[in-house]
Amino acid sequence: MRNYIKTTAGFILSATMATASFGATVNVGELQGFTGPLESMIGPMTGGANLAVTEANASGAYLNGTIVVVQGDSVCIDPAVAIAQAEKMINDDNVMAIMGPNCSGNTGAVITNVLVPNGVVAISPSATSPALTTLEDGGWFFRTAPSDARQGPVLADIAISRGQTDMAVTHSNSDYGKGLADAFVTAYEAAGGTVTVFAGHEDDKADYSADVAALSAGGSTTLAVLGYADTGGRGIIAASEDTGAFTDYIFGDGMISEVTSGAVADGSWGTLPSPDATLGANWKAVAEAGGVDGSGVFSAESYDAMALIILASQAARSTDRAAIQAEVMNVANAPGRLCDAGDLANCLKWISGGLEVDYVGATGVELDAGGTANGSYAEREVIGGVFTDVKIHK
């Protein structure tokens, strides 16, 4: 296990000590899958979230005190763990809001069992299941990553444009995997593509050779893997590479990891939420200056999720949970002064001076009526053993 919790907590401690003189401490939760199927992605994500906190604390302009991050490991695969961690944050740590969770299944469980009963805002940087759009969340849940109802058609359009007109499709048997797979297959077949085999896979199996044999029985040499890089998706690829069953791969955002790129040949590709070129260049500069990997999956969305919590609290002039909820949409959308990543100091000052802000952030945040971002996607191809952006799709 990579010790992101320990290193990030230390990072925040050192950053907040210098500003501790301006009053009380204010707790905010960071509920992420520090272990589990997203573990290899979490470093840049927690880095992005904590960079927003460090920036706000260093500005001295946040009205409610010094922000302290309380971290919890949702593990992603066990809703009971995520629920327990969220309840601890709310009842024991008195967090004003929660940045997270990550995985869609855990997120739905936390919404229903914790956020709604307790009246607490959570903003997820990476829970993308379309099912979350219609879940009764009482207006307490927001997300800075777009729904897979959009990613599926984007994946399909790129596949057709690349001449990949037939393929097998496998997905994690999770809310995320099933939601993305359904959206992709519907769009792909509507565009004229042929799905030779469509099958789910379980995560954390010891052997995926039977799964791969069944997928390859359809005759296609292309496989779409819509799962998690650190669990079942990795196992599917390993079994395929061992037997030579497939030569080309397509990936959803849960597979965009160095774990994946190091296991497949150049030319395989996938999609993930990503800002446009101008915003992306600004984010990478801000992230690099803060010691964060700005190219990491959902790192920008994590920064934005935490920044929205901070700005909503500033606009509320309070850490009251209901007051924060009432301000999230106001600071996220027009009208107001445009507020970019790396400019939280000015944004906080504008709000304290009575001005409205429109938080653009790292990814071009604009939330729809359900609190979900309308983002763009990067087409990222394995080149020289590394995932590399080749095009942005809006």
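Only the coordinates and a few stated rules stand behind these numbers; no lab work does. Worth saying up front: this structure is predicted, and the values here are computed from it rather than measured. Neighbour counts run over all protein chains shown; Cβ positions are idealised from the backbone, glycine included.
Which angle from 0 to 90°, rounded to the nearest 10, does the C-alpha axis of helix 175-190 make with the longest principal axis of the chain? Tilt relative to the chain: about 60 degrees. Highest mean packing comes first when the peptides 261-268, 371-378, 289-296 are listed by Cβ atoms within 10 Å, giving 371-378, 289-296, 261-268.
Over all Cα atoms in the stretch 207-263, the spread is summed up by Rg and Dmax: 10.3, 29 Å.
With the convex hull drawn around the C-alpha atoms of the stretch 149-266, the volume per residue stands at 87 Å³. Taking only the C-alpha atoms of the chain, Rg followed by Dmax gives 20.4, 67 Å.
I'd like to compare 151-157, 74-80, 99-105: which one has the highest average count of other Cβ atoms within 10 Å, and what's the full order after that?
In decreasing order of mean packing, 151-157, 74-80, 99-105 become 99-105, 151-157, 74-80.
The residue among 69, 188, 139 whose Cα reaches farthest toward the positive pole of the charge dipole of the chain, with charges on the beta-carbon of Lys, Arg, Asp and Glu, is 69. Database remark: amide H of residue 388 closer than 5 angstrom to the amide H of 381, 382, 383 (H placed geometrically; neighbours at sequence offset of 5 or more, or on other chains; Pro and chain starts carry no H). When the chain is treated as a GNM with alpha-carbon contacts under 10 Å, the residue of 27, 91, 64 showing the greatest mean-square fluctuation is 91. Checking the cross-link pairs 284/394; 88/349; 178/394; 178/205; 88/205 against a 26 Å limit on the alpha carbon distance flags 88/349; 88/205 as lying beyond it. Report the antiparallel proportion of the DSSP beta bridges in the chain as a percent, rounded to a multiple of 5. Counting only bridges with both partners in the chain, antiparallel ones make up about 25 percent. The simple spin-label model puts a point 7 Å past each Cα toward its Cβ; for residue 355 and residue 318 those points are separated by 2.5 nm.
About its Cα centre, the dipole of the chain is roughly 760 debye, where the only charges are +1 on Lys and Arg Cβ and -1 on Asp and Glu Cβ.
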